[in-house]
Amino acid sequence: MRIGIGYDVHRLVPDRKLIIGGVEIPHTLGLLGHSDADVLTHALMDALLGAIGQGDIGQWFPDRDPRYAGIDSLILLEQVMKKVTEAGYRIGNIDGVVIAQRPKLGGYFPEMRSALARVMGCEPERINLKATTEEKLGFTGREEGIEAEVVCLLEEVH
Ligand code: MG
């Protein structure tokens with residue numbers, strides 16, 4: 001088995017879509033980034049790449065590369081999963097937490113889990129998602145940004 005950890009932060013700004021875990025969430029602010037800025041999917045990809053010892057998403061999908069401007073992060077996740085499969089591993093389980101003061105995210109988790117599971121070719125039951133606030137403290141508390149942390153466990157395919 002192999003374990004990986006991923007962490008990401010994106011800034012909240014007006015006039016951007018809020019996309020988390022591949023799902024568009026109605027909100028007054030959205031996440032700023034070169035891609036669709038899907039903070040959870042980015043942390044997930046870093047966890048997967050970490051588990052197979054292949055660096056991070058900045059290395060594979062540089063934010064200066066025009067090919068990735070505005071790209072759907074699920075497309076990038078599909079490419080990362082290809083690397084996982086080629087390395088001889090499959091998803092054991094994934095556990096993720098999104099840190100946001102607003103909006104409330106829990107109601108979107110079933111949709112996020114099926115969107116991520118579909119791309120990763122695993123059962124949604126292997127993906128657990130959680131949300132928390134930081135009690136109005138720090139940058140998430142001031143609603144300046146949203147943070148995500150993900151750990152994954154991969155199993156070797158025999
Ligand atoms: Mg990111």
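The values are calculated or read from the model by the stated rules, or taken from the named source; none is laboratory data. Since this is a predicted model, take the numbers as computed values, not measurements. No Cβ is skipped: glycine too gets one built from the backbone with ideal geometry, and neighbour counts run over all protein chains shown. In case anyone asks, the SASA skips ligands and DNA or RNA and just uses the protein heavy atoms, side chains included. Shrake-Rupley method; radii C 1.70, N 1.55, O 1.52, S 1.80 Å.
Quick notes on this one:
- Over 24 Å between alpha carbons, listed pairs 17/136; 17/83; 82/104; 17/130: 17/83; 82/104
- Percent carbon-and-sulfur accessible area, the chain, ignoring ligands, DNA and RNA, probe 1.4 Å: 51 percent
- Pairwise alpha-carbon distances in the chain exceed 23 Å for 32% of all pairs.
- By average C-beta atoms within 10 angstrom, highest first, the peptides 136-145, 63-72, 89-98: 89-98, 136-145, 63-72
- Angle between the chain longest axis and helix 109-120 axis [Cα atoms, degrees, rounded to 10]: 40 degrees
- Under the criterion of Cα pairs below 8 Å and six or more residues apart, the relative contact order for the chain equals 34 percent.
- Average accessible area per residue (Å²) across segment 91-131 - probe 1.4 Å, nucleic acids and ligands excluded: 48 Å²
- 18 Å cut-off, amide nitrogen to a point 7 angstrom out along residue 137 Cα→Cβ, residues in segment 91-126: 98-102
- In degrees, nearest ten, helix 39-51 long axis to first principal axis of the chain (Cα): 30 degrees
- Contact order for segment 19-93, expressed relative to its length and based on alpha carbon pairs under 8 Å spaced 6+ residues apart, stands at 33 percent.
- Using the rule -39500 (n - 2.57) for each DSSP H run of four or more residues, divided by the residues of the chain, the 222 nm mean residue ellipticity is -8500 deg cm²/dmol.
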